[in-house]
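Enquirer: Quick one: the structure is below, and I'll ask about it shortly.
Every number here is computed from the coordinates shown, using simple stated rules; none is lab data. Bear in mind the structure is a predicted one, so any value in this text is a computation, not a measurement. When we count neighbours, we look across all protein chains shown, and the Cβ atoms used for this are built from the backbone with ideal geometry, even at glycine.
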Amino acid sequence: MRRLYKDHGIVGLIESAGTADWNVGSRADSRAVKVALNNGIDIKNHTARQLRHEDFEKFDLIIVMDRANEKAVKKIAPQAVHHKIRRALNDDDVIDPYHSDDAAFEDTFKTLWSSCQEMVMQLQKDAVK
């Protein structure tokens, strides 16, 4: 998303966070790093962090990957900010490639890249209104 914001001249803060603390402080999976680099995006220095309560006020949108994450985020989010929580694929879940092969990481990247492009186009349309 940072890459798309830059490419489209959009100014905004983009961060990534998980709902659980399993990987806090860990670097991105080497397969994800490889796929991102193959697509011109460097995430070698990405470090996992957990979603924080202040994120609900800090960000205009909280994008989740699947129904389970949506449920977990809504459980900790104040009711007043539930409208900020959206799934990356609207009605579908992004498949977590972690327990799969390298090809699954490429498929997930393509899925998320397409979804992020759609979100950026929508943001630009909303900005014109």
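Enquirer: Work out how much length LEU123 to ASP7 would gain on full extension: take 0.36 nm times their residue separation and subtract the Cα-Cα distance, in nm to one decimal. Before the final figure, lay out the partial values.
Expert: Details: separation 116, 0.36 × 116 = 41.76 nm, distance 1.36 nm.
Here the answer is 40.4 nm.
Enquirer: At most 12 other C-beta atoms within 10 Å and a DSSP loop state: those are the exposed chymotrypsin sites (Phe, Trp or Tyr not before Pro) I care about. Give me the longest piece of the chain that has none. Kindly include the intermediate steps, with their values, before the conclusion.
Expert: Details: sites that count: TRP22, TYR98.
Longest stretch, sites excluded: 23-97.
Enquirer: Still on this model: Identify all aspartates and glutamates with a Cα-Cα distance to LYS84 below 14 Å; exclude those on the same chain that are fewer than 8 residues away in sequence.
Expert: The qualifying aspartates and glutamates are GLU54, ASP55, GLU57, ASP60, GLU70.
Enquirer: In nm², what is the average projected area of the convex hull enclosing the Cα atoms of the range 63-129? Don't jump to the answer; show the numbers that get you there.
Expert: On the way: hull surface 21.7 nm².
With the hull built on Cα positions only, its mean projection is 5.4 nm².
Enquirer: Another one. Work from the charge dipole of the range 69-129 (Cβ charges, +1 for Lys and Arg, -1 for Asp and Glu, about the Cα centre) and give the residue of GLN117, ILE95, VAL73 farthest towards its positive end.
Expert: VAL73
Enquirer: Here's a follow-up. Note down the relative contact order for the chain as a percent, whole number, built from C-alpha pairs under 8 angstrom at least six residues apart.
Expert: Details: 124 pairs, mean separation 29.3, N = 129.
Over the chain, the number comes to 23 percent.
Enquirer: Give the cross-link partners of LYS34 among the lysines, using a straight C-alpha distance below 16 Å as the criterion and excluding same-chain residues fewer than 8 apart.
Expert: LYS44, LYS110
Enquirer: How large is the dipole of the chain about the Cα centre if only Lys and Arg carry +1 and Asp and Glu carry -1, each at its Cβ, rounded to the nearest 20 debye? Walk me through the numbers before you get to the answer.
Expert: Working: 20 positive and 21 negative charges, 78 e Å.
Here the chain has a charge dipole of around 380 debye.
Enquirer: Once you've got the GNM for the chain with C-alpha springs shorter than 10 Å, pick whichever of VAL33, VAL94, VAL24 has the biggest mean-square fluctuation.
Expert: VAL24
Enquirer: Could you tell me what a quarter of the Cα convex hull surface of the chain works out to, in nm² with one decimal place? Before the final figure, lay out the partial values.
Expert: Values: hull surface 33.4 nm².
Value for the chain: 8.3 nm².
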